Structures are given as structure tokens and as C-alpha cells.
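Here the structure is laid out as C-alpha cells; the discussion comes afterwards.
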Amino acid sequence: MLNRVRSAVAHLVSSGGAPPPRPKSPDLPKATSAPPAAAPEEPRSPPARPGSGAPAKAVEARASFSRPTFLQLSPGGLRRADDHAGRAVQSPPDTGRRLPWSTGYAEVINAGKSRHNEDQACCEVVYVEGRRSVMGVPRDPSRGQGLCFYYWGLFDGHAGGGAAEMASRLLHRHVREQLKDLVEILQDPSPPPLCLPSTPGTPGSSDPSHLVGPQSCWSSQKEVTHESLVVGAIENAFQLMDEQMARERRGHQVEGGCCALVVVYLLGKVYVANAGDSRAIIVRNGEIIPMSREFTPETERQRLQLLGFLKPELLGGEFTHLEFPRRLQPKELGQRMLYRDQNMTGWAYKKIELEDLRFPLVCGEGKKARMMATIGVTRGLGDHNLKVCSSNLPIKPFLSCFPEVRVYDLTQYEHCPDDVLVLGTDGLWDVTSDCEVAATVDRVLSAYEPNDPSRYTALAQALVLGARGTPRDRGWRLPNNKLGSGDDISVFVIPLGGPGSYS
């Protein structure tokens with residue numbers, strides 16, 4: 001066991017989710033209907049080679065390398081984007097057709113960590129048409145027929161790029177499906193109804209004109225806001241995306257897993273959903289506002305330990321849910337050693353027993369922290385086949401697909417063109433602090449006219465270049481001669497004022 005676990009340390013990096021059973025969503029929601037500014041939905045993998053004899057769909061499913069459609073890369077551009085030696089920074093072409101809100105984007109492949117760039121990105125404008133008469137009353141024509149939301153997503157894949165590629169194509173469609181029931185409700189200023197009528201024609205359906213009143217069951221009830229309904233829709237979309245990956249992982253070869261960082265703009269508010277170790281910050285008038293937190297074995301230690309304590313069978317007799325400052329030795333049996341369990345934030349002493357000699361569920365610290373000696377993140381999508389190295393012990397039960405969602409109300413502040421929301425995968429944040437990003441925002445944007453839409457792409461490129469560094473004899477180095485990021489790096493820069501329209 002000891003040798004097996006030692007060989008597993010640093011084997012994989014990232015996350016997934018273990019949700020409770022729930023009704024299935026449509027396997028593939030209908031194609032996105034969006035205004036002309038939206039990026040087109042189309043296959044992003046290279047087509048089958050003539051004479052290959054493989055069906056087009058099968059080849060697409062097995063395609064080893066693809067990049068976001070909005071980059072509009074030619075075959076030669078794809079080869080340059082896949083070059084570990086040159087590590088050329090990729091951005092959408094400056095052809096006049098820009099991403100929504102003049103969003104800036106840049107990415108670069110890793111320095112050889114994996115065969116291809118396992119990050120993926122998505123930027124869409126999505127139209128949501130409400131379900132007919134969801135509130136049981138005729139639709140009010142004055143409220144229009146639907147809603148439009150803006151969507152940005154970064155997906156940091158691990159153990160293969162399949163999960164990230166699939167999430168980048170489909171997660172926003174799951175968000176749209178979850179919002180369909182809310183179109184009328186979100187456009188109605190009154191509090192959301194406690195219950196919706198059953199679908200006509202289904203067993204147990206009631207009079208469709210009857211709406212259960214908020215006071216029908218209790219004398220008082222919790223206040224539910226429109227904002228919390230959107231948060232719930234995003235959370236459900238993440239879970240349904242993870243369930244779809246579980247169902248289709250064999251036929252579509254959805255290998256590995258991915259961290260997911262998603263931004264939804266709807267009705268004046270920005271919703272930032274994070275599951276993994278990517279990060280989002282707002283830089284507003286020089287102030288830094290964190291919009292996410294990382295989910296790692298360290299930050300989620302108590303949740304993981306509690307699950308191991310309540311369901312010890314998940315540990316397989318190979319791990320202990322307790323944490324110790326270091327690995328225990330057999331000669332220390334009977335001695336009193338520092339430890340902490342799922343209820344503790346501090347440390348205490350306990351007598352070492354035989355089961356304490358098992359490998360700890362959570363070990364290491366910082367970027368070297370691992371759960372079950374295998375994975376460095378504890379939330380994300382996919383990872384349904386992930387097991388402890390040289391073991392059949394599954395890791396998925398400890399991984400959560402549910403994001404933390406933070407909300408920022410754009411209507412509460414007067415934003416200038418230099419106020420931005422920066423999204424980045426961990427390749428950026430491993431070597432760049434929030435303060436350094438804010439300094440780069442100020443330096444780059446001040447060099448451009450406020451109405452120049454290319455300034456946000458230039459900022460994204462500067463952030464990626466600053467984290468990548470320059471090639472030297474001993475690898476990629478930063479100006480201070482420290483190692484640059486050898487990971488895939490992907491960055492969105494979303495302007496919160498100026499050319500962006502909040503209508």
C-alpha cells in the first residue's frame with residue numbers, strides 16, 4: 001500500500017462531483033438561439049481525413065485537439081497553438097467582429113505538461129424562450145417572449161481534454177434549460193410563487209389556473225428572491241452537466257474531468273460560478289473584489305473528512321479521515337501525536353492507534369495538497385472513472401460538481417471603461433497575485449483610448465505573457481528569474497463599463 005500511494009502522489013490534478021440522484025435532463029439540449037453577436041455553435045475538432053474509413057461523428061468524438069471556435073484558427077493556426085516549444089499566445093482575430101461586450105481573450109498551451117492544451121473556453125449570447133404558461137395564467141404580451149443572457153466559461157481539463165471540451169459546448173445549454181421555467185417569474189416584480197401548477201395531462205395535475213399561494217401551508221415562509229432562483233438554475237445546470245458526462249463517458253470518450261468557472265450576466269447582475277481552482281476577480285477603480293474561491297483538499301478538508309467519517313467504506317481500509325502534521329511511523333504506535341478531525345480547525349493530541357498508520361485522506365499543502373494522494377482539486381465536472389493509482393478505489397464520491405455562486409449587481413455602481421472582471425485558469429494564478437493582475441490592468445488599459453475595443457484583448461494577452469514568461473536555458477522564466485507557468489493559461493477580460501451594454 002505504501003509504495004502504491006507514494007507512486008500516486010502528483011499523479012493527477014483537478015476535480016469532479018458526486019451529486020445525489022435526480023431526474024435526467026435532455027441528453028443534448030436544443031441548439032442555442034442567439035443574437036448575431038453570439039459565437040456560432042459548430043464542431044471545433046478537425047474533420048475526418050479523407051479515406052480514413054471512420055464515421056465523421058466517431059472521429060469528432062475521438063479528436064485529440066480542438067480550440068474554441070471564436071479563435072477562428074486555420075489548420076496552420078491550430079498547429080501553432082499546439083506547439084509546446086514556441087508557446088504562441090492565441091487571441092480572436094481583429095477582424096471587426098468582436099466577442100460580446102468587446103471581451104478580451106488570450107490563451108497559451110503548456111510547456112509539455114500534457115500533449116495538448118486541455119483548457120477550453122466559451123463565450124455566448126443565449127436567448128431563453130419561456131415554457132408556455134408556466135405560471136398557469138396566459139402570458140402577458142408586454143413582458144416579451146423570453147430573456148437573453150450573456151455567458152462566459154473557462155474549463156481547465158485534467159487527465160485528458162474530453163470533459164472540458166464537452167462542458168464548453170453544452171453547459172450554457174443546460175443553464176438555458178434551467179432558466180426556461182423562470183422567464184415569466186423573473187420578469188414579474190412580485191415575489192416568486194411558492195409552487196407552480198403541475199403540467200397539464202400528467203398524473204396528479206390540478207387546475208392550470210390555480211397557483212398555490214405563499215400562505216397556503218405555513219403562517220410564515222422563507223423569503224426567496226429572483227436572484228436566488230438564478231443561482232439555483234446555475235447550480236442545477238452544473239449537476240445536470242456532470243450527470244450527462246457520466247452517461248456519455250463511454251460512447252463519447254469523455255475522458256478525465258475539468259474545473260469550471262462560469263459567468264452569467266442576466267437582468268443587470270453578474271453571476272460567477274466556480275467549481276475548481278480557477279479564479280475570478282473584479283478590478284474596479286483600483287480596488288480588488290474577489291468573485292470566487294478555490295476548492296482544494298486544503299480548503300475543503302473538513303467536508304472531505306466528514307464524508308470519510310460518515311462513510312468509512314469509501315476509504316477502502318487504505319486511508320484514514322484524520323489529518324496529522326506528517327506521515328506516521330509504526331514505531332510511533334502508542335505515542336501521543338498532533339491531529340485534527342472533521343470538527344476541528346485547530347490541533348490536539350491523541351494516542352496513535354493501528355488504523356492511524358493508514359495514508360491520510362488529505363495530505364500535503366499548497367499546490368502539493370492531494371486528496372487520496374491523487375487529485376489536487378475537490379470540485380469540478382467529470383472524473384467518473386478516476387481511481388486511486390494501482391487501486392480500484394473510486395475517488396468520485398469525494399468530488400463535488402456543485403459550484404459556489406457569487407453575485408455582483410452592476411446597477412449599484414457607476415463603472416468606467418477601466419473596470420473589468422478577470423477570469424483565469426490556475427495557470428495564471430499559480431505565478432500571478434491579485435495585486436499583480438490589478439497593476440497590469442492599470443498599466444495596459446491606461447495606454448489605450450477608453451473607447452478602443454481592442455484594449456481588453458491586449459490586456460488578456462499581457463496577463464498571459466506575464467504568467468508564461470520568456471524561454472531561457474532553464475525553461476520559461478519571469479523577469480525576476482523565477483519559473484513562469486508551465487501550465488495551460490486561459491484568460492477572459494470582461495469590461496464592466498464603457499463599450500459594454502447592460503440592456
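Label-to-label distance, GLU365 versus LYS113, with points set 7 angstrom from Cα along the beta-carbon direction: 2.2 nm. Placing a pseudo-label 7 Å from each Cα along the Cα-to-Cβ vector at ASN392 and ASP442 gives an inter-label distance of 5.9 nm.
Want the number for SER190 to ILE289: 0.36 nm per residue separation, take away the alpha-carbon distance, what's left?
Working: separation 99, 0.36 × 99 = 35.64 nm, distance 3.08 nm.
That works out to 32.6 nm of additional length.
Once the Cβ-Cβ distance between LYS350 and LEU483 is put in as r, and R0 is 30 Å, what FRET efficiency do you end up with, to the nearest 0.05? Efficiency computed from Cβ-Cβ geometry: 0.15.
With each label modelled as a point 7 angstrom along the Cα→C-beta vector, the ASP409-ARG79 pair spans 5.5 nm.
With all protein chains present, how much of the accessible area of the stretch 392-503 (probe radius 1.4 Å) comes from carbon and sulfur, to the nearest whole percent?
Working: 2400 of 4800 Å².
The value for the stretch 392-503 is 50 percent carbon and sulfur by accessible area.
Straightening the chain between VAL224 and ARG97 buys 41.7 nm, computed as 0.36 nm per residue apart minus the Cα-Cα spacing. Between the residues LEU478, TYR413, ALA458, the greatest Cα displacement towards the positive end of the dipole of the stretch 412-503, with unit charges on the Cβ of Lys, Arg, Asp and Glu, is found for LEU478.
Say R0 is 22 Å: what FRET efficiency, to the nearest 0.05, do CYS435 and ARG474 get from their beta-carbon distance? Using R0 = 22 Å, I get an efficiency of 0.25.
The values are calculated or read from the model by the stated rules, or taken from the named source; none is laboratory data. Just so it is clear, the model here is predicted, and its values are computed rather than measured. Don't worry about glycine lacking a Cβ; one is built from the backbone with ideal geometry, like all the others, and counts go over all protein chains shown. Accessible surface areas use protein heavy atoms only, side chains included; no ligands, DNA or RNA. Shrake-Rupley method; radii C 1.70, N 1.55, O 1.52, S 1.80 Å.
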